[in-house]
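*Asks:* Starting off with a structure, shown below.
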Amino acid sequence: MKVYVMRHGTTDWNEARRLQGNSNTSLNQKGIAITKRASEAMKDIPFTHIYSSPLGRAFETAEIIRRDRDIPIIKDDRLTEVGFGIDEGVTIEERTPGCKVFFEDPPSYVPAEGAESFESLIARTGDFIKSVIIPLSVKEPGATVFISGHGAMNKALALNFLKRDLKDFWAGAWQTNCSTAIYSVNGEDIKLLKDGVRFAESGAGKGAPSPKQDLF
């Protein structure tokens with residue numbers, strides 16, 4: 001089974017470099033445009049199942065990628081972006097010192113007031129994989145799954161898929177808006193096929209690393 005994990009399209013908060021976390025923001029016109037380009041590039045991929053974060057920007061991305069496929073989009077709270085608590089909505093420059101640690105030294109991160117821990121994020125995304133993705137790969141090995149998510153949440157999926165340590169949470173390509181990681185899943189046997197694929201760009205090549213502050 002193949003699994004495509006995409007980060008949502010661009011929002012106004014992305015462009016203002018504000019931490020979105022689990023705030024319910026929507027795609028802006030740029031985000032809609034790049035998601036439509038990605039959708040066109042992906043139109044021949046035979047998706048059989050679509051899962052999405054319930055947050056607007058991710059669900060809107062899933063709707064555009066779906067096109068006219070007769071597939072329900074299943075919202076799952078376990079795919080929601082990590083919450084930043086009192087750092088929600090602030091710019092990179094305004095964030096608390098502890099929030100900076102979130103990006104630079106995950107094992108040392110202590111959540112600020114109202115924020116979610118790495119342990120919680122990893123646990124819920126791991127549960128989604130164990131209860132949804134792995135059983136589906138056994139039941140329908142020929143399935144092709146699309147997941148519409150977020151910067152940190154997608155990295156938590158990667159950590160669980162590839163059994164990485166927390167210190168390597170940010171390993172791999174940075175997911176810019178509409179960037180995609182592609183996995184093969186055969187029960188517990190999970191492999192990363194491609195990382196940082198930019199379907200919205202010509203050639204759909206592997207994306208170069210981008211600054212971490214672009215992620216949310």
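*Asks:* How large is the translational diffusion coefficient of the range 43-144 in µm² per second when you combine the Kirkwood radius over alpha carbon pairs with Stokes-Einstein at 20 °C and 1.002 mPa s? Mind showing how you got there, number by number?
*Replies:* On the way: Rh = 15.9 Å.
For these conditions, the coefficient is 135 µm²/s.
*Asks:* Let me ask another. For the chain, what is the mean residue ellipticity at 222 nm derived from helices alone (per DSSP H run of n ≥ 4: -39500 (n - 2.57); sum divided by total residues; nearest 500 deg cm²/dmol)? Show your work: numbers first, answer last.
*Replies:* On the way: 7 runs with 65 residues, N = 216.
Per the formula, -8500 deg cm²/dmol.
*Asks:* Can you put 70, 76, 189 in order of Cβ neighbours within 10 angstrom, beginning with the fewest?
*Replies:* Details: 70 5, 76 17, 189 9.
In order of increasing Cβ crowding within 10 Å: 70, 189, 76.
*Asks:* Further question: Expressed as an acute angle from 0 to 90° and rounded to the nearest 10, what is the orientation of the C-alpha long axis of helix 56-66 relative to the principal long axis of the chain?
*Replies:* 20
*Asks:* Can you give the alpha-carbon Rg of the range 2-214 over 2.2 N^0.38 Å, where N counts its residues?
*Replies:* Details: Rg = 16.1 Å, N = 213, 2.2 N^0.38 = 16.9 Å.
My calculation over the Cα atoms of the range 2-214 gives 0.95.
*Asks:* Right, another one. Provide 150, 8 in ascending order of the number of other Cβ atoms located within 10 Å of each residue's Cβ, fewest first.
*Replies:* Values: 150 25, 8 31.
So the ranking, lowest neighbour count to highest, is 150, 8.
*Asks:* Using the structure shown, select from 75/130; 36/191; 36/167 the pairs with a Cα to Cα distance greater than 25 angstrom. Intermediate values should be presented prior to the final figure.
*Replies:* Working: 75/130 17 Å; 36/191 28 Å; 36/167 35 Å.
Checking Cα-Cα distances, 36/191; 36/167 exceed 25 Å.
*Asks:* Moving on to the next point. Compare the Cα positions of 47, 64, 82 along the charge dipole of the range 42-88 (+1 at Cβ of Lys, Arg; -1 at Cβ of Asp, Glu; about the Cα centre) and return the one farthest towards the positive end.
*Replies:* Working it through, the farthest residue towards the positive pole turns out to be 47.
*Asks:* Which is the longest run of the chain containing none of the GluC sites (Glu not before Pro) found in DSSP loop states (not H, G, I, E, B) with at most 15 other C-beta atoms within 10 Å? Show your work: numbers first, answer last.
*Replies:* On the way: sites that count: 113, 188.
The longest uninterrupted stretch comes out as 1-112.
*Asks:* Can you put 138, 145 in order, fewest other beta carbons within 10 Å first? Provide the component values of the computation, followed by the final result.
*Replies:* Numbers: 138 12, 145 21.
If I rank by nearby Cβ atoms, fewest first, I get 138, 145.
*Asks:* Would you mind classifying the range 27-94 by shape? Square roots of the alpha carbon gyration tensor eigenvalues, ordered a ≥ b ≥ c; an a/c under 1.5 is rounded, otherwise it is prolate if a/b is larger than b/c and oblate if not. Kindly include the intermediate steps, with their values, before the conclusion.
*Replies:* Numbers: a/c = 3.37, a/b = 1.65, b/c = 2.04.
It is oblate, given that a/c is not under 1.5 and a/b is not larger than b/c.
*Asks:* Helix 118-128 versus the longest principal axis of the chain: what angle, 0 to 90°, nearest 10, using Cα atoms?
*Replies:* Value to nearest ten degrees: 10.
*Asks:* Next question, about the same structure. Taking the Cα atoms only, what angle lies between the long axis of helix 29-41 and the longest principal axis of the chain, rounded to 10 degrees?
*Replies:* Relative to the chain, helix 29-41 is tipped by roughly 30 degrees.
*Asks:* For residue 127 and residue 44, FRET efficiency with R0 = 22 Å and r from the beta-carbon atoms, rounded to 0.05?
*Replies:* Numbers: r = 32 Å, r/R0 = 1.46.
Efficiency computed from Cβ-Cβ geometry: 0.10.
*Asks:* Under the rule of at least 5 residues apart or a separate chain, name every residue whose amide H is placed under 5 Å from the amide H of residue 74.
*Replies:* When sequence neighbours closer than 5 places are left aside, the close amide H contacts are 50, 51, 52.
*Asks:* Still on this model: Sort out for me the Cα centre separation of the range 163-195 from the range 97-123, rounded to whole Å.
*Replies:* The range 163-195 and the range 97-123 have Cα centres spaced 20 Å from each other.
Laboratory data are not the source of any read-out in this text; all were calculated from the coordinates shown. Predicted, not measured: the structure shown is a model, and the values here were computed from it. Positions of Cβ are generated from backbone atoms using ideal geometry, with glycine treated the same way; all protein chains shown enter the neighbour counts.
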